[in-house]
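The values are calculated or read from the model by the stated rules, or taken from the named source; none is laboratory data. The model shown is predicted, which means the values in this text are computed figures rather than measured ones. Quick reminder, even Gly has a Cβ in these numbers, built from the backbone with ideal geometry, and neighbours come from all protein chains shown.
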Amino acid sequence: MTMAVDILNARILIVDDQQANVQLLEQLLADAGYSHVSSTMQPQEVCALHRKTPFDLILLDLQMPVMDGFQVMEGLKTNLIDDYLPVIVLTAQPGHKLRALQAGAKDFISKPLDLVEVKTRIHNMLEVRLLYRRLADYNKVLEATVAERTAELRESEARYRSLTELASDWYWEQDENGHFSKVSGPVLEMLGVQVAALLGDAPSARIGGWDEVEREKLRSTIEQRQPFLDFVFHRTCPDGSQQTYQVSGEPMFNSIGRFVGYRGIGVELTAKP
């Protein structure tokens, strides 16, 4: 539907305790092509009516017995399905205009009614209201899409992690300072040392037996924020036995291109043919 059709199909409620005013507005709106116009002379019914079938616009008289327009607006605030109060107030009191806007009304029409002004203000108000609603609907769709894509991404990441754990002995992540923030897999049981000692994380680098030339080459690659694939390095254990390891890693960057660390996988080659 076009905006013009949506405007003429908008749900409008007239609230006024004077029958003549209600009839005048009903005739005006009918002549302008509006097809869903309701009215009530009982202001205490407005909140229930709006809760049952929400209106796109409420034309609200301010001076009414039993319950004035200000009280009606306060009541509407408690049961709105959204945070937009679709009210144009009708008043013959200039001093009430500012108070009405402060109470939540979106516009006002002065009495006695100028028919051209009434039609213009109603049309403009409905246009804004429907655009606001379309934006809200779009945001809901966008939020649902983002949630769906996020779920897909997490599922994909879970599958990736599962595959890397099957294809490697450990998965690791480092922060921007080179400290290990995540380690998974049986590396501790397999090596009896922290992964940090393997890749040169300062707190654990005291453990000896590593080929320092290889370790320095790997550190240099990391300092340059370069990826590395199947990097092989060696360690001589205290009992004289040799261990061989292979690691792969890639740098991680955030959405604005800032370096935030490394992630990768590793495997022991010692016992492999």
- Query: Residues in the stretch 206-221: is at least one under 35 Å from the mean Cα position of the chain (by Cα) and at pLDDT 75 or above?
  - Reply: no
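Condition check ((1) crowded, with 17+ Cβ neighbours inside 10 Å; (2) farther than 23 Å from residue 18 by Cβ) across all residues:
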{"residue": "76", "(1), (2)": "yes, no"}
{"residue": "87", "(1), (2)": "yes, no"}
{"residue": "90", "(1), (2)": "yes, no"}
{"residue": "96", "(1), (2)": "yes, no"}
{"residue": "108", "(1), (2)": "yes, no"}
{"residue": "115", "(1), (2)": "no, no"}
{"residue": "122", "(1), (2)": "yes, no"}
{"residue": "127", "(1), (2)": "no, yes"}
{"residue": "130", "(1), (2)": "yes, yes"}
- Of the residues 199, 163, 191, which single one is crowded, with 16+ Cβ neighbours inside 10 Å, over 16 Å from residue 262 (Cβ atoms) and modelled with pLDDT under 65? 191
- Message: What are the pairs with Cβ atoms under 6 angstrom where one residue, in the stretch 103-128, is in the same structural domain as residue 88 (by TED's automatic domain parsing) and of a type in the set (Lys, Arg) and the other, located anywhere, is assigned to a loop (DSSP other than H, G, I, E, B) and surrounded by fewer than 19 Cβ atoms within 10 Å (Cβ to Cβ)? Sequence gap at least six, or different chains.
- Response: 111/92
- Query: Of the residues that make up the stretch 38-46, is at least one exposed (fewer than 15 other Cβ atoms within 10 Å of the Cβ), out of contact with any Cys (no Cβ under 9 Å at 6 or more places or on another chain), among the hydrophobic types (A, V, I, L, M, F, W, C) and assigned to a helix (DSSP H, G or I)?
  - Reply: no
